[in-house]
Amino acid sequence: MTDPVYLLFHRPEGPDTPSPKPGDPNESEQYLDLSNPHILRMALFSIEIARSGAVQEPCVLDDIYFSALLHDVGKTMLREEVLNKPAPLTPEERAHVETHAALGGEMVGQIPGWERVSRSVRAHHEWWDGSGYPDRLQGETIPLPARIVAVADVFDALTTRRPYREPLPVRAAIRHIRNGSGTHFDPEVVEAFLKIPDVEWEHFRRQAELLASDGLIQIHSWYFQLDENARRSEL
């Protein structure tokens, strides 16, 4: 199985490897490409939610950051024609895509010392009420980084154009997140998310687009310039 650390730093290359086109709504689902805006938005959104107050237990922001970057690494193992389908998925295709969470957890779990990140990658599609996948975890049995990444992932999906639908306005997406509190999402994470002013989300999206020009280098630079005590202290 492919080393996820290698996938972080290397895009697949070869005559049969198409390059994602800028603005392609499926670009985030083609490869684990650290220059694509979805991955960078996920890291930025997740950290900003955590800094807004979602971290209420001993947990380093590093776990949240790397869980966000790697949340979709399992999709590199899926059928490309399903990931790039320009239409809603069939039930069989949806079941195939849902395997990416467990696959990603297994991949990250091969890295010594990354067990916590592995568990969070596996759990980022679990629901607070226990109706998610792959393990139907419930409440605080879901790792905190996964609970934060879940909110960031849904918010980004709702506000990003897809081949079969236009993006929701930010306020409508925020209402969706609010309505999912206590069912899909951890209420405390939603509370932290709601503390962030609407206008900031557009700022974060623009910031991610700028960071995307240099991919991993720029997002790491942004992240590791955060206050060291804020990143590593037990809150």
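Values quoted throughout were computed directly from the atomic coordinates according to the rules given, and no laboratory measurement underlies them. These numbers were taken from a predicted model, which means no experiment stands behind them. For neighbour counting, all protein chains shown are included, and Cβ atoms are generated from backbone atoms with ideal geometry for every residue, glycine included.
Couple of notes before you dig in:
- Taking amide H atoms as placed 1.01 Å from N in the peptide plane, the amide H of residue 185 lies under 5 Å from those of 128, each 5 or more residues away in sequence or on another chain.
- Mean separation of Cα contacts under 8 Å (6+ apart) over length of the range 113-190, as relative contact order %: 28
- Spatial offset of the range 156-223 relative to the range 37-109 amounts to 14 Å, using the alpha carbon center of each.
- Taking 7 Å steps out from each Cα toward its Cβ at residue 80 and residue 138 produces label points 4.2 nm apart.
- In the range 123-190, the chymotrypsin sites (Phe, Trp or Tyr not before Pro) that fall in loop regions by DSSP, at most 13 other Cβ within 10 Å: 164
- For the range 123-128, Karplus couplings with θ = phi - 60° (6.51, -1.76, 1.60), whole Hz, Gly/Pro x: 9, 6, 10, 6, 10, 4
- Of the residues 75, 195, the one with the fewest other Cβ atoms within 10 Å heads the list, and the complete ranking is 195, 75.
- Shape class for the range 35-169: prolate, because the ratio a/c of the largest to smallest gyration tensor axis (alpha-carbon atoms, square roots of eigenvalues) is 1.5 or more and a/b beats b/c.
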